[in-house]
Amino acid sequence: MTMNPGDQWLLLSLFFVLFGVSHADIGTAAHYSPPCLPTACYGSDPSQFPSNNLFAAAGDGIWDNGAACGRQYLVRCTSAAEPKACFSGEIRVKIVDQVASAVSPPSSGGATMVLSTSAYGAIARLSIQSIEIEFTE
């Protein structure tokens, strides 16, 4: 059975609508606790933090020589070393710092993002030191 190009295009379009196409990046996340000031992006200005306290420090892979400052990412937990560590749903975090210069140490080294305690606790159990994440700008 051969399909004409119009039918092939329709079938392909239907596939993408039904199953979606993900443009997300994957990485790891850790968490850190206050103090969070000063930050590499905004210094000691307390107004840099969103009112919901969902913020993060950028690891080397997304820091982009400081261009990451102020960027917002949708982040969701995809897995962890322990079962049932992730919560469903996603959060939006604002980049306010660089992991390498953060005042407080992260719960685990080498993370793509280090999330505030509020941000991390919204997508995973805080007792877990590091999680796998999916994120999009």
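The values are calculated or read from the model by the stated rules, or taken from the named source; none is laboratory data. Keep in mind that this is a model prediction, so the values were computed, not measured. A quick note on method: Cβ atoms are made from the backbone with ideal geometry, for glycine too, and the neighbour counts reach across all protein chains shown. In case anyone asks, the SASA skips ligands and DNA or RNA and just uses the protein heavy atoms, side chains included. Shrake-Rupley method; radii C 1.70, N 1.55, O 1.52, S 1.80 Å.
For the reader, a short list of remarks on this structure follows.
- Taken per residue, the accessible surface of the range 25-81 reaches 50 Å², heavy atoms only and a 1.4 Å probe.
- Length-normalised contact order of the range 25-137 in % [C-alpha pairs under 8 Å, at least 6 apart]: 46 percent
- Close amide H pairs (under 5 Å, H built 1.01 Å from N) link residue 78 with 132, 133, 134, residues at least 5 positions away or on another chain.
- For residue 31, the amide hydrogen comes within under 5 Å of the amide hydrogens of 107, 108, 115, counting only partners 5 or more places away or on other chains and with H modelled in the peptide plane.
- Inter-label distance for residue 129 and residue 47, nm, one decimal - labels placed 7 Å from Cα along Cα-to-Cβ: 3.9 nm
- Taking every protein chain into account, the 1.4 Å probe leaves residue 25 with about 90 Å² of accessible area, to the nearest ten.
- The portion of the accessible surface of the range 30-88 made up by carbon and sulfur, rounded to a whole percent, is 51 (1.4 Å probe; DNA, RNA and ligands excluded).
- Of the listed residues 99, 93, the order by accessible area with a 1.4 Å probe, largest first, is 99, 93.
- Sorted largest first by accessible area at a 1.4 angstrom probe radius, with every protein chain in place, the residues 107, 116 fall in the order 107, 116.
- Projected label distance in nm at residue 65 and residue 37, using a 7 Å step from Cα toward the beta-carbon: 3.0 nm
- Label zone at residue 103 (point 7 Å along Cα-to-Cβ), backbone N below 18 Å, the range 26-43: 31-43
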